[in-house]
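Structure first, commentary second.
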Amino acid sequence: MKSGRRIALTTAVVMIGAAVASSGLPGAPRTAASPQGAATTTPIKHLVVLFQENVSYDHYFATYPNATNPAAEPAFVARAGTAAGNGLSGALLTRNPNLSNPQRLDRSQAVTCDQNHEYTAEQNAFDHGLMDKFVQSTGNSATIPPCTSAGTGVTPNYAVMDYYDGNTVTALWNYAQTYAMSDNNFETSFGPSTPGVFNLVAANTFGATCGTPDAVYGTVPACSTTAGAAGPAVAQGPGTVYSDNDPHYDVCSKGSTIAMGGTNIGDSLNAADVSWGWFEGGFGSPGYVPGQTSTYNPSTVCTGTHVNIAGSTQKDYSAHHQPFQYYPQTANPAHLPPTSIAAIGHQDQANHQYDLADFWAAAKAGNLPAVSFLKAPRYEDGHAGYSNPLDEQRFIVDTINSLQRLPSWSSTAVVVTYDDSDGWYDHVMPPIVNQSQTPLDTLSATGQCGATATAAPSGQQARCGFAPRLPLLVISPFARQNTIYSGLTDQSSITRFVEDNWGLPRLGGGAVEGDAGQLNGLFNFSHGAGMAPNLFLDDTTGEPRP
């Protein structure tokens, strides 16, 4: 593979209001999975998804591969022939249509405040595809902590336009240069973390059976104030989740909650007896040691904390980042630990929902699940306001360094991507493949996302998307090397990869993964191709280790 190769698929430019046809691409050949889930359609036997928080593509890769390289900061110098992504240059940097030109955020400015990333606010920022109202619509005051926001439109926050380069997100730039990265990957629908995580594991935000109008569109009852118990799957409800509320089947949830009906990718993996799990920082109790049940204290689950680089103490666990806790059939409401290390990834009282410590216990025991979703503790998940790129870098680098030391690395792929954009500026207007006509929608006109006469898919409203562009990287021995891939993908493309690789059926019920772009363009599965090398990085600087 030639260094710096850029791969682009021909994608029709779709204007707002135009219907977008299905790609028509066939799924991968179906192969019956063995009881251990070993049968796959590609050489990938282990998929590890690092699902990070709240970053647009331009926020991290605006000037890739060109870094400023000030003195005393980690440097990034691109290899000859490294391709540039679809980032910011020319007039977008000097005469941007927004109220401010994008500015570089220095490594010393790693800690910033959270921006507005709600369903309607992001559509307002896109402004009929002009992409020119980010400051007014998603910029929250103030720019740096203490983050005492006065609300959007009160004091303009120009920082929403700004970006980091390879002197701060150094590790991600090094991974992009060594492996494969997409510059045409999108959030499936507008909105914050909870819709984003549903699009990852169910390819659908529709199906809420209970919730409140501040987070669910559609007529559904409010959930009980008592956390529900795990149970069988229930029929989809009529509500669409467009904002954040905690899961109903979780003892750690606070305030209003949401319950979801229908199926998710966990159901499909269970039906095929393919090992899997969601592993989240802080899910267990502090001091828990996998395999030692005496160290597990159920009264202290979700109470773990860590201090970020700004000296702020943050709780590790975020309930609304845990998608499987919204579905009764895949929830572990009491956060019960696995019955043994050997049981991790398989059905027992944990119901495939674990602490991050369980993932590493299984990995070191040679029991790495076939499909693993990893969620960092909050201080390391990259979310502005309580996390930051430097704490996030430590988590990503430590995880990938450790995975590369395992015997299973030769058949592993790591996907690093994000749940939403946080409202950070990105200049690319996506195609609108899911249209919606609700009072929440403003993208095309008041109450409208897309064509007026076009109904939402299956009548499921408030799913307007695609939405902001998000980073996506594939790190694997089978990743294309130093490649930027421009085929159209979205969060549900990961769902599709799992289905196609392990021979699983489509989810149905309005799930959109069947029409999603495939991730295969980020891989090179040719037997004659050279394997991508291991890359060990320093978790503080993000630079390659000697």
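The values are calculated or read from the model by the stated rules, or taken from the named source; none is laboratory data. Everything numeric in this text was worked out from a predicted model, so none of it was measured. Reconstructed Cβ throughout: ideal geometry from the backbone, glycine too, with neighbour counts over all protein chains shown. In case anyone asks, the SASA skips ligands and DNA or RNA and just uses the protein heavy atoms, side chains included. Shrake-Rupley method; radii C 1.70, N 1.55, O 1.52, S 1.80 Å.
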Item to check | region 87-113 residues that are charged (D, E, K, R), paired with ones that are open to solvent by 60 Å² or more (accessible area, probe 1.4 Å) (beta carbon under 7 Å, 6 or more apart) | outcome: Arg104/Thr68
Checklist entry - In this structure, does Ser408 turn out to be surrounded by fewer than 22 Cβ atoms within 10 Å (Cβ to Cβ), outside any loop (DSSP other than H, G, I, E, B), in contact with a strand residue (DSSP E or B) (Cβ under 6 Å, 6 or more places away or on another chain) and in contact (Cβ under 8 Å) with a residue 12 or more places away in the chain? => result yes
Item to check | Residue in region 474-496 that is farthest from Asn534 (Cα to Cα), counting only those that are open to solvent by 10 Å² or more (accessible area, probe 1.4 Å) and among the hydrophobic types (A, V, I, L, M, F, W, C) | outcome: Leu488
Checklist entry - Any idea which of Gln347, Gln325, Gln329 is of a type outside the set (Phe, Trp, Tyr), assigned to a loop (DSSP other than H, G, I, E, B) and more than 21 Å from Tyr386 (Cα to Cα)? => result Gln347
Checklist outcome for this item: For region 325-377 the number of residues that are among the β-branched types (Val, Ile, Thr), surrounded by fewer than 19 Cβ atoms within 10 Å (Cβ to Cβ) and under 23 Å from Thr42 (Cα atoms) is 0
Checklist entry - Are any residues in region 234-263 part of a strand (DSSP E or B), in contact (Cβ under 8 Å) with a residue 60 or more places away in the chain and open to solvent by less than 20 Å² (accessible area, probe 1.4 Å), and if so, which ones? => result Thr240, Pro247, Ile258, Ala259, Met260
Checklist entry - Got at least one residue in region 60-67 being open to solvent by 30 Å² or more (accessible area, probe 1.4 Å), within 30 Å of Gly345 (Cβ to Cβ) and modelled with pLDDT of 95 or more? => result no
Next on the checklist: Only one of Ala203, Ala176 is crowded, with 23+ Cβ neighbours inside 10 Å, touching a Leu at 6+ places or on another chain (Cβ under 7 Å) and part of a loop (DSSP other than H, G, I, E, B). Can you tell me which?
Outcome noted: Ala203
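Residues to consider are Thr168, Thr188, Thr152, Thr212; find the one that is assigned to a loop (DSSP other than H, G, I, E, B) and at pLDDT below 95.
When all the criteria are applied, what remains is Thr152.
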Item to check | Test: residue in region 422-432 that is closer than 21 Å to Ile494 by Cβ, open to solvent by 10 Å² or more (accessible area, probe 1.4 Å) and at pLDDT 95 or above | outcome: yes
Item to check | Qualifying position, being within 25 Å of the chain's Cα centre (by Cα), farther than 17 Å from Pro468 by Cα and at pLDDT 95 or above, among Leu105, Leu88 | outcome: Leu105
